[in-house]
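Here it is: the structure, laid out below.
The values are calculated or read from the model by the stated rules, or taken from the named source; none is laboratory data. What you are looking at is a predicted structure, and each value in this text was computed from that prediction instead of being measured. All Cβ positions, glycine included, derive from the backbone under ideal geometry; neighbour counts span all protein chains shown.
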Amino acid sequence: RSSYLWNHNYTCSLHEILMNPNLTKDSDENCRFVYTFVLAGGGSNRPQVCYWGDDYCGTNISSYHLEKPPPNSSDALLHEWVEYNQDITFLNIHENMNGGKSESWYTHASALVNFHP
């Protein structure tokens, strides 16, 4: 984390931006780079991928991510989530390596831009 937070005035977590849209206003003191770490947080009953409007996730943006770490999270992950200002996005899909996590993230990110310009 320290490698990309070299100038915290210009770098903000996705959570910070969503909680305070004024951080994106054009100013020398505001965010220019937004980051998040993406993990799959849904249980084994969730799909491996979510596309906008599909049968699993639909068109409700809140169904694409979890508001907090899943209940089975390790103590280390919970600590990291709190310590670093909730800079982890938990997608509501089943964890997978090559099954659609990136596609799900890009679907979610695109929806965020539309709903939180």
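Assigned to a helix (DSSP H, G or I) and at pLDDT below 85, is that true of E16?
Here the answer is yes, as E16 does meet what is asked.
Here are some conditions: (1) in contact with a Phe, Trp or Tyr (Cβ under 8 Å, 6 or more places away or on another chain); (2) among the aliphatic types (A, V, I, L, M); (3) more than 26 Å from N114 (Cα to Cα). L77 meets all but one. Which one does it not meet?
(1)
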